[in-house]
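Notes follow once the structure below has been shown.
Each reported figure results from applying straightforward, stated rules to the coordinates on display, with no laboratory input. Note that the structure is a prediction, hence the values are computed from the model and not measured. Note that we place each Cβ from the backbone using ideal geometry, even for glycine, and neighbour counts take in every protein chain shown.
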Amino acid sequence: MISDKDIKIELATSEDLYKAAKSVRKQVFVKELGIPEDKEFDGNDFCSAHVVAYIQKRHRKLPIGTMRIRFFSDFAKFERMAVTRNFRKTNVSENIMQYGFEYVAQKGYRKVYGMCKQELLSRWQRCGYHEIKEADKVEQNGMTLIPICRDIPQNECALTMLSNPSLLTAKEGHWFDDSQKGKENSKVETVFMKLKRLKQEYLNG
């Protein structure tokens, strides 16, 4: 029995995880839904972020879900959400999306744009989205897609040009993880020790 604790969600910052994201989309969109591969992999993958859900099996990561994120001036666009068949009745899709919300909020975004099938609008509304009634609907691959938007709370720690340079050079999406905090604490401790030594030298004359 697989539980939420067994499922890991991560940003694709390696070739293996990027390939994992593509494999899920190929399985769901190309093989199951019959979308031509050249339309599914449209070139935007190379300038997007990819969220990947997987199960760790010994030394192998078994991908079970993914979502692509693209960035515009004042909003992020969630798209290409896919979950493999055996995990569609779990919380994988919601967990992927929540990871996405937290990720884009750290980058300073306050709005997320997406598209959903006409018949799934009520489901997305329960997830906090609302229909963008002024926007045009899209006919794509035999489906009617409705533009939707969700507002997300401001992240008080969102990255800016005044953020510590070590954060701005950290691995994408890992700015505030334990290892990065450890580096920050180490730097603070180093500065503290230098100040303590200078104070002692001053007192000793």
Dimensions in Å of the stretch 4-158 - Rg and Dmax from alpha carbons
15.3, 49
Given labels modelled 7 Å from the Cα in the Cβ direction, how far is it in nm from residue 120 to residue 37?
2.4 nm
Using label points projected 7 Å from each Cα along Cα→Cβ, tell me how many nm separate residue 70 and residue 151, to one decimal.
2.6 nm
Antiparallel %, DSSP beta bridges [both residues in the stretch 4-158], to 5
95 percent
Report the semi-axes of the equivalent ellipsoid for the stretch 27-83 in whole Å, largest first, where each axis is √(5λ) for an eigenvalue λ of the Cα gyration tensor.
22, 17, 9
Given the peptides 100-106, 171-177, 50-56, 160-166, arrange them by the average over their residues of other C-beta atoms within 10 Å, most packed first.
50-56, 100-106, 171-177, 160-166
Would you kindly calculate the translational diffusion coefficient of the stretch 115-176, applying Stokes-Einstein with the Kirkwood radius from alpha carbon pairs, for 20 °C and a viscosity of 1.002 mPa s, and quote it in µm² s⁻¹ without decimals?
147 µm²/s
Quick one: which residues, 5+ away or cross-chain, put their amide H under 5 Å from the amide H of residue 116? H built at 1.01 Å from N.
146, 148
Given a Förster radius of 30 Å and the C-beta distance between residue 169 and residue 141 as r, what FRET efficiency does 1/(1 + (r/R0)^6) yield to the nearest 0.05?
0.15
Kirkwood Rh and Cα-based Rg: tell me the resulting Rg over Rh for the stretch 1-62, rounded to two decimals.
1.01
What is the extension gain from residue 132 to residue 158, computed as 0.36 nm multiplied by their sequence separation minus the C-alpha to C-alpha distance, in nm to one decimal?
6.8 nm
Whole-Hz Karplus couplings 3J(HN,Hα) for the stretch 136-152, θ = phi - 60° and coefficients 6.51, -1.76, 1.60, Gly and Pro as x, run 6, 6, 10, 9, 9, 6, x, 10, 9, 10, 10, x, 10, 9, 10, 7, 10
